[in-house]
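The values are calculated or read from the model by the stated rules, or taken from the named source; none is laboratory data. These numbers were taken from a predicted model, which means no experiment stands behind them. Glycine also receives a Cβ, built like all others from the backbone with ideal geometry; neighbour counts cover every protein chain displayed. Heads up: the accessible areas ignore ligands, DNA and RNA and are worked out on the full protein's heavy atoms, side chains in. Shrake-Rupley method; radii C 1.70, N 1.55, O 1.52, S 1.80 Å.
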Amino acid sequence: MHLLETKIVHEKTGWRVDFVGDDGEAVSIKVADGHAASEDEAIERAKEVMVQLTAYGTRGGGRSLNPYDAASNGNFDDDEPLLDTRH
């Protein structure tokens, strides 16, 4: 999903932040008033929640192998050899 638009609405119980993609997909995050006092804070908190959730969605929906794996963004250096490479 490539982010196309971010919509934010203040509701009775807090903020709703919608991240809308160019293909019509959307992700909604509810942020309690206690975690954000403004639209900008609500968007930042919603981004933090998305990052935290990403760690749980690795490995085909399975759990991360270890804390390093959970924190990895998957951008491995192309010039680094694979762990099992033998010379």
Inset, instruction - Have a look at 27, 31 and point out the one that is modelled with pLDDT of 65 or more, in a strand (DSSP E or B) and open to solvent by 40 Å² or more (accessible area, probe 1.4 Å). - result: 27
Legend entry - Pairs with Cβ under 6 Å, 6+ apart, first in the stretch 36-59 and at pLDDT below 80, second assigned to a helix (DSSP H, G or I) and open to solvent by less than 50 Å² (accessible area, probe 1.4 Å): 55/70
Inset, instruction - Could you list all residues from the stretch 8-32 that are charged (D, E, K, R) and closer than 20 Å to residue 53 by Cα? - result: 16, 18, 25, 30
Legend entry - Restricting the stretch 1-59 to residues that are of a type in the set (Gly, Ala, Ser) and on the phi > 0 side of the Ramachandran plot, the residue that is nearest to the chain's Cα centre (by Cα): 24
Legend entry - Subset of the stretch 34-59 [open to solvent by less than 50 Å² (accessible area, probe 1.4 Å) and not in a helix (DSSP H, G or I)]: 36, 38, 58
